[in-house]
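Worksheet for the structure shown next.
The values are calculated or read from the model by the stated rules, or taken from the named source; none is laboratory data. These figures come from a predicted structure and were not determined experimentally. In this analysis, Cβ positions are derived from the backbone assuming ideal geometry, glycine residues included, and neighbour counts consider all displayed protein chains.
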Amino acid sequence: MTREVKEYISEKVNELINANSCCAEAKEAGKNWLEAVGTDKEAEAWKILIAEIEEDIMPIEGLIAFAGSEAGARVFGEEAAKGVLAHAQEVKASGAKYCDCAACAACEAILEKKEEI
């Protein structure tokens, strides 16, 4: 991994762990990777981080399905769920594959560099 790629990924991992929409497991994996950078634990921490974000990133179709469901209405509130649904449909119409919340955007950016590691 070049220094530039490592710096870029570190920036995106920081964005991920600071995102309100980031789950506890992804925060932990991100923090662990940041702490492991430059050590003999970096490669293993990277594998764990990638596995976690691949599991967590929300495909836009999943967000649309959830926001339009009764469960989505319970989680977001009925009116907010309608707004999330409309936004997700706009995001999909623009060609996006994933949710555009801060956590998912950071995950997507990290995954785009996955092969450069």
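A few comments on the model shown:
- Residue within the stretch 90-112 that is among the hydrophobic types (A, V, I, L, M, F, W, C), surrounded by fewer than 17 Cβ atoms within 10 Å (Cβ to Cβ) and farther than 22 Å from residue 53 by Cα present: yes
- Selection count where residues are under 20 Å from residue 23 (Cβ atoms) and surrounded by fewer than 12 Cβ atoms within 10 Å (Cβ to Cβ), scope the stretch 74-89: 1
- Residue in the stretch 98-116 that is over 13 Å from the mean Cα position of the chain (by Cα), under 18 Å from residue 19 (Cβ atoms) and of a type in the set (A, V, I, L, M, F, W, C) present: no
- Residues in the stretch 44-73 that are small (Gly, Ala, Ser) and surrounded by 13 or more Cβ atoms within 10 Å (Cβ to Cβ) were compared, and the one that is nearest to residue 27 (Cα to Cα) is 45.
- Every test in (1) touching a residue at least 40 places away in the same chain (Cβ under 8 Å); (2) on the phi > 0 side of the Ramachandran plot is passed by residue 38 save one, and that test is (1).
- Candidates 24, 51, filtered to the one that is farther than 19 Å from residue 9 by Cβ, under 19 Å from the mean Cα position of the chain (by Cα) and assigned by TED's automatic domain parsing to the domain that holds residue 3: 24
- Some residue of the stretch 75-89 being more than 30 Å from residue 1 (Cβ to Cβ), part of a loop (DSSP other than H, G, I, E, B) and outside the structural domain of residue 5 (by TED's automatic domain parsing): yes
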